[in-house]
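Some notes on the structure that comes next.
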Amino acid sequence: MNIVWQYLDKKQAAINALKDYSSMQYIIEHTNEDIATIHEKMASPATPVLDGMPSAHDPKAGERKLVGSIDEIDVLKERYRQALEYMEWFKPAWNALSEDERFVLEVFYLNEKHKQIDAVYEICDHFNIERSSAYNKKNRALQHLALLLYGK
């Protein structure tokens with residue numbers, strides 16, 4: 001019984017890793033832009049708001065803005081580091097899959113527009129197979145990915 005739970009945990013973990021792929025790719029592609037935007041905000045002085053209301057002067061507002069921006073940049077850099085670490089771990093396993101296995105897993109888990117039944121029909125059409133064979137193909141590909149990511 002313990003072996004069954006261990007398999008299910010690895011299978012679910014592989015699914016979660018697949019679902020994280022697009023987020024990690026986005027972080028890698030956009031972090032430099034996000035940091036540049038924060039740097040621009042740090043360098044530009046705040047424009048006074050002329051709304052007719054009296055305002056209180058905060059002498060430390062500029063300092064708070066800079067510290068907040070630095071903290072935000074630190075968070076972005078840490079997310080970027082984690083995304084790179086994820087890719088170093090995930091990509092070799094992903095590349096070790098066959099082209100057919102990658103196709104099946106992409107259709108099932110990476111295409112957010114598809115519902116599961118749509119994914120099954122796309123796989124059926126692509127390989128010219130029945131639905132039960134499509135599910136079997138998906139399960140074998142997922143099992144292979146779980147093995148490559150987490151071992152036995």
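Quick notes
- Partner lysines for residue 137 [C-alpha distance under 18 Å; skip if fewer than 8 residues away on the same chain]: 10, 11, 115
- Judged by the mean number of other Cβ atoms found within 10 Å, the most tightly packed of the peptides 92-99, 141-148 leads the ranking 141-148, 92-99.
- Among 108, 90, the order by Cβ neighbours within 10 angstrom, fewest to most, reads 90, 108.
- Karplus (6.51, -1.76, 1.60) ³J(HN,Hα), θ = phi - 60°, over the range 71-87, in Hz, Gly and Pro reported as x: 4, 5, 5, 4, 5, 4, 5, 5, 4, 4, 4, 5, 5, 5, 4, 4, 5
Read-outs throughout are calculated quantities, based only on the coordinates presented, and are distinct from any laboratory measurement. If you're wondering where the values come from, they're calculated on a predicted model, not measured in any experiment. Cβ atoms come from the backbone with ideal geometry, glycine included; neighbour counts cover every protein chain shown.
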